[in-house]
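Some notes on the structure that comes next.
The values are calculated or read from the model by the stated rules, or taken from the named source; none is laboratory data. As the structure is a prediction and not an experimental result, all values here were calculated from the model. Using ideal geometry, Cβ is built from the backbone for each residue, glycine included, and neighbour counts are taken over all protein chains shown. The protein model used for the area step is the full one, side chains on, heavy atoms only, and it has no ligands, DNA or RNA in it. Shrake-Rupley method; radii C 1.70, N 1.55, O 1.52, S 1.80 Å.
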Amino acid sequence: MTEADVQSIALFFYFALLDDQKAIEASSQALALCRARKQRNSDLKNSVAIVAATKSVWDRYKARVARGRPNTTVESGWLIPEGLDLGPWREFQKSASEDELLTVIWSKILKIEDDDISAGLGITQGTIRYRLGRALRKLGSMTQGVSKLKHGTTGK
Amino acid sequence: MAQQENKISLSKKGKREISPFIGHELLYDYLCGGLDKERRAAVEDHVKFSRDAQLDLAKIQNGQSYAEKLSGTVVSQPIITQINMPSSYLSVLMQKSNFDKWPQGLKWGLEALVVVLAIVTLLTVTPWQKVMDLGSGGSKEVVLAEVSKTETAHVVEEKPEFIDEGVKEPVAKDHKAPTTVAKKETPAPKPSATTTATAAATAATVSAAEADNKHATEATPAASGGFLYRGEIAVTNVDVIGPKITEKIAELGGRKAGSVQLGWKKTPTSMYYHFTIPEAKYQDLLTFLSTYGTPKISKEKHPRVMPDGIIRLIINVDEAKK
């Protein structure tokens, strides 16, 4: 596994859990799982292994994390692009379904191809695209909401 | 079959129309460029006439651009290193046991138990005897200093360092001893180096030389002036009180100074104590003796100089007269 892969796993859990410490713990476990999978099957693509491992570890962690109550600090070492507001994402992480949340992270944040995601999860590409469409619509509405609030218009 | 598949139901204007539902669901594919030409044209038509579709399209675009920005997040090197570190046995154990989920009270209790066990183990394993020996090393050194002045330690054991004034019977047997006692207890009238040298040179026997040498070592410090605490105390029932005094002297760090043991029964109604004791304990001893009677102790000049912090006492404990 390359450093970029480790970074992908870390980002996945950071955005999925919104908890600095738990993200590190979960990433560590997912990385170990990924390596184990690659060891068993060396032909397995890294991105497919990442999707499968992160999903597996997420299933273990999702019950432990109270979504909508982020536990992140600026000093913790996760460098968000300057000027970017995490508010819409927090709102999205709180209200989106699990499938939508994870699919957006894999596809749009980690830039994993749809066919790799579908291979990792064992579902069709159509399902992935469907989830993405719904998720992006939701995320977009949240960014618009924040933007309207920021610019003093409520859309009336 | 191929002809049947190509038969697509078209509208009166020859266009392939889609329902609003399908149009909405195809918006993401339309944005990604995943539709064929006909489908794309159909979705474009749908978006052109549907306000909802236009809004949805804008939302998807916003969502995509926002997610694009989020993908620029960077994980710092320390976190990458932390993730790459192999998990320790303890961390795995914590994860397996769901330690995070345990009640707070239970966690604290367990932690307290671990700390207590660690302390108990430490206290059990520590070699306290050695530690105590190290700690009391200073007081032993004082005793060693006293021994070193007599030059040989084993001689101290065999021959008493001080003369017991109260012991009469053993003295009577040895004809040389009385002269030695007399010399030691009586301060030399002229303690000069020449007289001691002459005495040593003319000594006929080895015992005589030893006696003279000892006399010399005692006589010389007389000029600087040592002290002897001499006294007596009358108590009721000396047979019972005597051992208690002996025990107390030992407890205070006292050691016998002469040849007889502490509390030597000089006569049936009198006990004799000749001993050394740390000066700091002198007051404690007086306080103790005061509980049984009125000690009369006087400080006398004596040629024998004791080490710093040590005093020598001769005390007679007599049966009180009724």
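For the stretch A:14-54, give me each residue that is within 12 Å of another protein chain (Cβ to nearest Cβ) and of a type in the set (S, T, N, Q).
A:GLN21, A:SER27, A:SER28, A:GLN29, listed by residue number.
Would you call B:GLY293 touching a residue at least 12 places away in the same chain (Cβ under 8 Å) and under 32 Å from the mean Cα position of the chain (by Cα)? Give the steps one after another, and end with the answer.
Details: touching a residue at least 12 places away in the same chain (Cβ under 8 Å): yes; under 32 Å from the mean Cα position of the chain (by Cα): no.
No, not satisfied.
Can you confirm whether A:GLN21 is over 22 Å from B:ASP100 (Cα atoms) and of a type in the set (S, T, N, Q)?
Details: over 22 Å from B:ASP100 (Cα atoms): no; of a type in the set (S, T, N, Q): yes.
For A:GLN21, the condition - over 22 Å from B:ASP100 (Cα atoms) and of a type in the set (S, T, N, Q) - is not met.
Does A:LEU11 qualify as being within 10 Å of chain B (Cβ to nearest Cβ), surrounded by 17 or more Cβ atoms within 10 Å (Cβ to Cβ), within 14 Å of the chain's Cα centre (by Cα) and within 17 Å of A:VAL104 (Cβ to Cβ)? Lay out the reasoning, then the answer.
Working: within 10 Å of chain B (Cβ to nearest Cβ): yes; surrounded by 17 or more Cβ atoms within 10 Å (Cβ to Cβ): yes; within 14 Å of the chain's Cα centre (by Cα): yes; within 17 Å of A:VAL104 (Cβ to Cβ): yes.
So A:LEU11 fits the description; yes.
Quick check on the stretch A:96-117. Is at least one of its residues within 11 Å of chain B (Cβ to nearest Cβ), modelled with pLDDT of 90 or more, more than 15 Å from the chain's Cα centre (by Cα) and farther than 19 Å from B:ALA67 by Cα?
Scanning the stretch A:96-117 turns up no residue that is within 11 Å of chain B (Cβ to nearest Cβ), modelled with pLDDT of 90 or more, more than 15 Å from the chain's Cα centre (by Cα) and farther than 19 Å from B:ALA67 by Cα.
Test B:ILE297 against the criterion of being among the aliphatic types (A, V, I, L, M), more than 17 Å from B:PRO243 (Cα to Cα), assigned to a strand (DSSP E or B) and open to solvent by less than 30 Å² (accessible area, probe 1.4 Å), and give yes or no.
no
So the check is Cβ under 6 Å with 6+ separation or different chains; which pairs have a first residue in the stretch B:258-282 that's surrounded by fewer than 16 Cβ atoms within 10 Å (Cβ to Cβ) and a second one that's modelled with pLDDT under 85 and of a type in the set (Phe, Trp, Tyr)?
none
Pick out the one residue from B:PRO278, B:PRO268, B:PRO307, B:PRO295 that is within 15 Å of B:GLU251 (Cα to Cα) and either in contact with a Pro (Cβ under 8 Å, 6 or more places away or on another chain) or not acidic (Asp, Glu) (or both).
The match here is B:PRO278.
This table checks each residue for (1) surrounded by fewer than 22 Cβ atoms within 10 Å (Cβ to Cβ); (2) β-branched (Val, Ile, Thr); (3) under 22 Å from A:GLY122 (Cα atoms).
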{"residue": "A:CYS34", "(1), (2), (3)": "no, no, yes"}
{"residue": "A:SER47", "(1), (2), (3)": "yes, no, yes"}
{"residue": "A:ARG67", "(1), (2), (3)": "yes, no, no"}
{"residue": "A:GLY77", "(1), (2), (3)": "yes, no, no"}
{"residue": "A:ALA96", "(1), (2), (3)": "yes, no, yes"}
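Output yes when any residue across the stretch B:238-249 is within 35 Å of the chain's Cα centre (by Cα), part of a strand (DSSP E or B) and surrounded by fewer than 18 Cβ atoms within 10 Å (Cβ to Cβ), and no when none is. Let's see the steps before the verdict.
At the first step, the residues of the stretch B:238-249 found to be within 35 Å of the chain's Cα centre (by Cα) are B:244-249.
After this cut, where a residue has to be part of a strand (DSSP E or B) as well, the list is none.
Scanning the stretch B:238-249 turns up no residue that is within 35 Å of the chain's Cα centre (by Cα), part of a strand (DSSP E or B) and surrounded by fewer than 18 Cβ atoms within 10 Å (Cβ to Cβ).
Need a quick list: helices (runs of 4 or more DSSP H) entirely within the stretch A:1-92 having at least 2 residues that are at pLDDT below 85.
Where helices (runs of 4 or more DSSP H) fall fully within the stretch A:1-92 and carry at least 2 residues being at pLDDT below 85, they are A:20-40.
Being within 39 Å of the chain's Cα centre (by Cα) and either within 30 Å of A:GLY140 (Cα to Cα) or open to solvent by less than 80 Å² (accessible area, probe 1.4 Å) (or both) is the requirement here; does B:SER76 meet it?
Numbers: within 39 Å of the chain's Cα centre (by Cα): no; either within 30 Å of A:GLY140 (Cα to Cα) or open to solvent by less than 80 Å² (accessible area, probe 1.4 Å) (or both): yes.
Against the criterion (within 39 Å of the chain's Cα centre (by Cα) and either within 30 Å of A:GLY140 (Cα to Cα) or open to solvent by less than 80 Å² (accessible area, probe 1.4 Å) (or both)), B:SER76 does not qualify.
Looking at the structure I just gave you, is A:VAL104 touching a residue at least 12 places away in the same chain (Cβ under 8 Å), over 15 Å from A:GLN7 (Cβ atoms) and assigned to a helix (DSSP H, G or I)? It would help to see each step written out before you state the result.
Numbers: touching a residue at least 12 places away in the same chain (Cβ under 8 Å): yes; over 15 Å from A:GLN7 (Cβ atoms): yes; assigned to a helix (DSSP H, G or I): yes.
Yes, satisfied.
(1) under 13 Å from the mean Cα position of the chain (by Cα); (2) farther than 13 Å from A:LEU18 by Cα: which one isn't true of A:ALA63, the others all being true?
(1)
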